[in-house]
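In what follows, a single structure is set out as structure tokens and then discussed.
The values are calculated or read from the model by the stated rules, or taken from the named source; none is laboratory data. Everything numeric here is computed off the predicted structure, so don't read it as measured data. Note that each Cβ is placed from the backbone with ideal geometry, even for glycine, and that neighbours are counted across all protein chains shown. These area figures cover heavy atoms from the full protein model, side chains too; ligands, DNA and RNA do not enter into them. Shrake-Rupley method; radii C 1.70, N 1.55, O 1.52, S 1.80 Å.
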Amino acid sequence: EDTLALRDIYFPQAKVSVLSNSTFIHKPEVFDALNKIDNNILKLDTIDTDYIRLTDRPTGHYDVRKIIEGMKAFKGNCIIQTMFLKGSYKGQDMDNTSDKFVLPWLEAVKEIAPRQVMIYTIDRETPDHDLEKATHEELDRIGKLIKDSGIPVSVSY
């Protein structure tokens, strides 16, 4: 609240954005704080728990269904951010640009009904030689699926 008050005094046109990995949005104080800012950006790279455990490596218990329910509680007052990669890691398929990953993720996004979706690929060299950036064409295809579902989308390469 102090940050927002100072912003309102000194830079009233500025927008406050916070990127969250979404694992604590079920906590009332986190939910309330994120609901007060201009752009609460919530990560949801896939709904496949095994993929999340391998790439994002959450600590403790991770329940994607609980996270989706927490995102739905924002009633559209959130932005979903998703990173798309291809290739493999430790012998496991990491291509979350395929329909196997994209279509269930898209259904979850529609269920959440965010005001916007931001999709991108890693903007630096991948951390493993078997991982690859998603191509412009793959991101554009996914972006079109989101747009066709009626949700505004931004695509970054």
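Close contacts from segment 63-74, counting a first residue that is over 12 Å from Phe31 (Cα atoms) and a second that is part of a helix (DSSP H, G or I), with Cβ to Cβ under 6 Å and a gap of 6+ residues or different chains, come to Val64/Thr49; Ile68/Ala108. For segment 16-38, the candidate set comprises residues that are out of contact with any strand residue (DSSP E or B) (no Cβ under 6 Å at 6 or more places or on another chain) and assigned to a loop (DSSP other than H, G, I, E, B); within that set, the residue that is nearest to Gly60 (Cα to Cα) is Thr23. Summed over segment 65-84, residues that are crowded, with 17+ Cβ neighbours inside 10 Å and assigned to a loop (DSSP other than H, G, I, E, B) total 3.
Pairs are defined by a Cβ separation below 9 Å, a sequence spacing of at least 6 or placement on different chains, a first member in segment 1-18 that is in contact (Cβ under 8 Å) with a residue 12 or more places away in the chain, and a second member that is of a type in the set (Lys, Arg) and open to solvent by 50 Å² or more (accessible area, probe 1.4 Å); the pairs so defined are Glu1/Lys36; Leu4/Lys36; Val16/Lys36.
Yes/no per residue for (1) in contact with a helix residue (DSSP H, G or I) (Cβ under 7 Å, 6 or more places away or on another chain); (2) hydroxyl-bearing (Ser, Thr, Tyr); (3) surrounded by 19 or more Cβ atoms within 10 Å (Cβ to Cβ); (4) more than 18 Å from Lys144 (Cα to Cα):
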site	(1), (2), (3), (4)
Ala33	no, no, no, yes
Asn39	no, no, no, yes
Asp48	yes, no, no, yes
Asp63	no, no, no, yes
Lys86	no, no, yes, yes
Lys110	no, no, no, no
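Looking at segment 15-31, which of the residues that are hydrophobic (A, V, I, L, M, F, W, C) and open to solvent by 60 Å² or more (accessible area, probe 1.4 Å) is nearest to Arg115 (Cα to Cα)?
Checking each candidate, the answer is Leu19.
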